[in-house]
Amino acid sequence: MTTYTQVQKQQRATKRYKKRSSFEEIWRQLRRNKGAILGMILVAVIVIIALISPLIYDYQKDIAGQNIKQRLQKPSAEHWFGTDELGRDIFARVLYGARYSLAVGVVAVLVALVIGVTLGASAGYIGGTFENIVMRVTDIFLAIPSVLMAIAVVSALGKSTLNLMLAVGLASTAPFVRVVRASVLVVKDEEYIEAARAIGMRPWKIILVHILPNCVSQIIVQATLRVASAIISAAQLSFLGLGVPAPAPEWGSMLSSGRQYIRDHSYMTLFPGLAIMVTVLSLNLFGDGLRDALDPKLKR
């Protein structure tokens, strides 16, 4: 039989669990994943580098400035990553390039997020013909390789950093539409949604106040993972000459300029490639850990 003391212990344990905030619960789950913690630390370091690099280096002198006398020097104590074909320090350019890659990735995902959440939530809630039209258009977008779509957008709008962000964002919209629509379909038939309809609440207010807050976890995870994909897409476009205009030190353009020297000066492509790999890997590790922490089915 359960004693009175055991009942009190159970009650106290229940109260302590209820007092624990959702953030603390997510953090508890997240810190159990060593890969996610490693990814989070690396992402934080990369963000800090992107923020402080303008304070360390002068763009015109250290990033875009040319010194032909020091061209194609191998890594040394003076130039940790060596110099490129124009005598520019690759270490400084790789650090400064984090600003461009992260900016393109984040802004592109924000563009995809706004469009995808709007269309996905509307399609899932309204249903009917509107949902069919939105989802068939989404299927068409998913059938087109994202890089080809981004190339088409950049070719139509012109080569610039803003157009690159828009192109990558449009190419990343379709997955958000599908994820948000699926989440809305699960929530929209709940009793509290029916009660909101019964009291005459407007559909847009129901979506914003009652439905989307219950889809936030899926949206956050999808956004975190899509930033990594957006960085790769931006690097691909820059490698093809359709990304951030020169002499900006975008990692993809640095790979493109160093490919003709890859046989004798492989460091010109090695370090920008490693920067892309570490950034994408850290975002994926953090995104996977965040997914496990936010998904109640995966909690242990």
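Bear in mind these aren't lab numbers, they're just calculated from the coordinates by the rules spelled out. Computed from a predicted model, the values in this text were never measured in an experiment. No Cβ is skipped: glycine too gets one built from the backbone with ideal geometry, and neighbour counts run over all protein chains shown.
Couple of notes before you dig in:
- Contour excess over end-to-end distance, with Cα ends at Leu281 and Ala44 and 0.36 nm allotted per residue: 84.0 nm
- Relative exposure of Ser217, Ser233, Ser76, Ser146, judged by other C-beta atoms within 10 Å (fewest first): Ser76, Ser217, Ser146, Ser233
- Here the peptides 31-37, 190-196, 82-88 are ranked by packing, the mean other Cβ count within 10 Å, and the order with the highest first is 82-88, 31-37, 190-196.
- Under the Debye formula (equal points on every Cα, no solvent term), log10 I(q)/I(0) of the stretch 117-156 at q = 0.24, 0.26, 0.32 Å⁻¹: -0.76, -0.81, -0.95
- Contact order, relative form, for the chain: 25 percent (alpha carbon pairs under 8 Å, 6 or more residues apart, mean separation divided by residue count).
- Reciprocal mean inverse distance between Cα atoms of the chain - Kirkwood radius, Å: 21.9 Å
- Proximal aspartates and glutamates relative to Lys34, as straight alpha-carbon distance under 18 Å, when same-chain residues fewer than 8 apart are discounted: Glu24, Glu25, Asp288, Asp292, Asp295
- The long axis of helix 267-294 is offset from the longest Cα principal axis of the chain by roughly 0 degrees.
- Along the axis of the charge dipole computed for the stretch 24-298 (Cβ charges of +1 for Lys and Arg, -1 for Asp and Glu, origin at the Cα centre), the listed residues Ile193, Met135, Thr279 are led at the positive end by Thr279.
- Contour minus Cα-Cα distance for Ala198 and Lys74 (0.36 nm per residue): 37.5 nm
- Within a straight-line Cα-Cα reach of under 12 Å, Lys205 cannot be paired with any aspartates and glutamates, leaving aside sequence neighbours fewer than 8 residues apart in one chain.
- Taken about its Cα centre, the stretch 24-298 carries a charge dipole of about 240 debye when Lys and Arg each add +1 at the Cβ and Asp and Glu each add -1 at the Cβ.
- Projected onto their three principal axes, the Cα atoms of the stretch 105-194 cover extents of 50, 24, 15 Å, largest first.
- For the stretch 172-300, the Kirkwood radius over C-alpha pairs fed into Stokes-Einstein at 25 °C and 0.890 mPa s yields D = 138 µm² per second.
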